[in-house]
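Read through the structure below, which is laid out as structure tokens, and then see the notes.
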Amino acid sequence: MLGSGDVAGDKSSPGPCPRGDDILMGEDQPGNNQMRGQGPLGCWFDIYRKVPKDLTQPTYTGAIISICCCLFILFLFLSELTGFITTEVVNELYVDDPDKDSGGKIDVSLNISLPNLHCELVGLDIQDEMGRHEVGHIDNSMKIPLNNGVGCRFEGQFSINKVPGNFHVSTHSATAQPQNPDMTHVIHKLSFGDTLQVQNVHGAFNALGGADRLTSNPLASHDYILKIVPTVYEDKSGKQRYSYQYTVANKEYVAYSHTGRIIPAIWFRYDLSPITVKYTERRQPLYRFITTICAIIGGTFTVAGILDSCIFTASEAWKKIQLGKMH
């Protein structure tokens, strides 16, 4: 026997909406005005109609499809979760000077070895179309003797103007010019701007790194034609770093004039591209991740339901055919 407390709790608990015939049978009973006026109307908004358990039939095929469906959903969910957590790097191109605060300068880092040329003969010269002509640049540079003083390793950091020009390693700044300077060399590093070491960005920031010209003609000059491309990298916090990629073409030649053979040098002739490459770190928005997950779950269950229904219908039809043959 239920107590008064049990009756009150039963009235407040949600239950199935009354059916149409139940409402008609109870129209003349007192206390049913609220149910008659509001019950069916409230149930009309329920788009998730419930089916009694005694009207459903489990099958082995349905169980197998359900397990496969759940495993497939789990696989796609983990794949999307990995993509959502991982930061992607997208790139774009535009025409502009990204680093307007640089004062029209580009920082250059050069590291080159000349194993058959003495350090007192090695110098760096810089020229450009703005009229700059500097012979024997020595600021922020260092010469390291190689092979017991026979060779030299030159390391320098300097700046160039954002106009076409060149810088070259030569013996022009030496007090006495050698007769046969050997310009065979190895370039360890040539980079412009900040150094970018980002895993997802593989650019030509040090395209000449590792260039080996030790087997070249010792008396030959070397021309490296550089096309410098401004590059911007923006991380998730919005911080930007400015660097430069470059493409390179080179030629090797022995130059002569009317007075005889010209002293060889290693030339780096550069020009700037008007196109800027921008790399931006991005993470997939949360709303897109949720939308994708909902699409995966809904689509998988819908297709699995259609497949299960087709298999069940076909099996039932086959059973009826077999029963017909037996009779």
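The values are calculated or read from the model by the stated rules, or taken from the named source; none is laboratory data. The model shown is predicted, which means the values in this text are computed figures rather than measured ones. All Cβ positions, glycine included, derive from the backbone under ideal geometry; neighbour counts span all protein chains shown. Quick note on the areas: whole protein, heavy atoms, side chains included, nothing else; ligands and nucleic acids left out. Shrake-Rupley method; radii C 1.70, N 1.55, O 1.52, S 1.80 Å.
Across region 275-281, computed HN-Hα scalar couplings (Karplus, 6.51 cos²θ - 1.76 cosθ + 1.60, θ = phi - 60°) run 8, 10, 9, 10, 9, 10, 7 Hz from first to last residue, x flagging Gly and Pro. When shorter helices are ignored and each DSSP H run of at least 4 residues is given -39500 (n - 2.57), the per-residue value for the chain at 222 nm works out to -9500 deg cm²/dmol.
Calculated on the alpha-carbon coordinates, the convex hull of the chain measures out at 368 cubic angstrom per residue.
Within 14 Å, Cβ to Cβ, of ARG213, how many net charges do the neighbouring residues add up to if Lys/Arg are +1 and Asp/Glu are -1? Don't skip to the end; give the middle numbers.
Values: positive: LYS251; negative: ASP182, ASP212, ASP223, GLU252.
Net local charge, ARG213 excluded: -3.
Considering only GLY131, VAL90, ALA314, and ranking their Cα positions along the charge dipole of the chain that arises from unit charges at the beta-carbon of Lys, Arg, Asp and Glu, the one farthest toward the positive end is ALA314. With every protein chain left in place, what is the accessible area of VAL198 in Å² (1.4 Å probe, nearest 10)? Solvent-accessible area, nearest 10 Å²: 30 Å².
Ranking PRO52, TYR270, HIS118 by how far each Cα lies toward the positive end of the dipole of the chain (charges on Cβ) leaves PRO52 at the top.
Taking the Cα centre of the chain as reference, the dipole from Cβ charges on Lys and Arg (+1) and Asp and Glu (-1) amounts to some 680 debye. Among GLN177, GLN199, GLN57, the largest mean-square fluctuation in a Gaussian network model of the chain, built with springs joining Cα atoms closer than 10 Å, belongs to GLN57. Counting only heavy atoms of the protein chains and using a 1.4 Å probe, SER191 has close to 10 Å² of accessible surface. Charge dipole (Cα centre; +1 on Lys/Arg Cβ, -1 on Asp/Glu Cβ; no other charges) of region 93-282 amounts to roughly 260 debye. In plain terms, the chain is cut at each of the chymotrypsin sites (Phe, Trp or Tyr not before Pro) found in a DSSP loop with at most 11 other Cβ atoms within 10 Å, and the longest leftover piece is 49-327. Taking the 1.4 Å solvent-accessible surface of region 93-282 as the whole, the part contributed by carbon and sulfur is 49%. Among THR56, THR86, THR300, the largest mean-square fluctuation in a Gaussian network model of the chain (Cα springs under 10 Å) belongs to THR56.
Of the whole protein surface, LEU272 contributes about 40 Å² of accessible area at a 1.4 Å probe radius.
Cα centroids of region 176-195 and region 228-302: 25 Å apart.
Would you rank ASP54, ASP235, ASP101, ASP212 by solvent-accessible area, highest first, keeping every protein chain in place and using a 1.4 Å probe? Let's see the in-between values first.
Working: ASP54 130, ASP235 45, ASP101 150, ASP212 85 Å².
Per-residue accessible area, sorted high to low, gives ASP101, ASP54, ASP212, ASP235.
Positive-end ranking of LEU286, VAL229, ILE65 along the dipole of the chain, with charges on Cβ about the Cα centre, is headed by ILE65.
Only the Cβ atoms of Lys and Arg (+1) and of Asp and Glu (-1) were treated as charged; on that basis the dipole of region 194-282 about its Cα centre amounts to roughly 100 debye. Partners of LYS162 within straight-line reach, counting lysines whose Cα lies under 19 Å from its Cα and excluding those fewer than 8 residues away in the same chain: LYS100, LYS105, LYS227, LYS278. The GNM of the chain, with springs linking C-alpha atoms under 10 angstrom apart, assigns the highest mean-square fluctuation among THR175, THR87, THR184 to THR175. Computed from phi, the 3J(HN,Hα) profile of region 93-98 under the Karplus parametrisation 6.51, -1.76, 1.60 (θ = phi - 60°) reads 10, 7, 9, 4, 9, x Hz, with x in place of Gly and Pro. Remark: accessible surface ordering of LYS278, LYS320, LYS236 (largest first) is LYS320, LYS236, LYS278, probe radius 1.4 Å.
Partner aspartates and glutamates whose Cα lies under 20 Å from the Cα of LYS319, excluding those fewer than 8 positions away in the same chain, are identified as ASP308.
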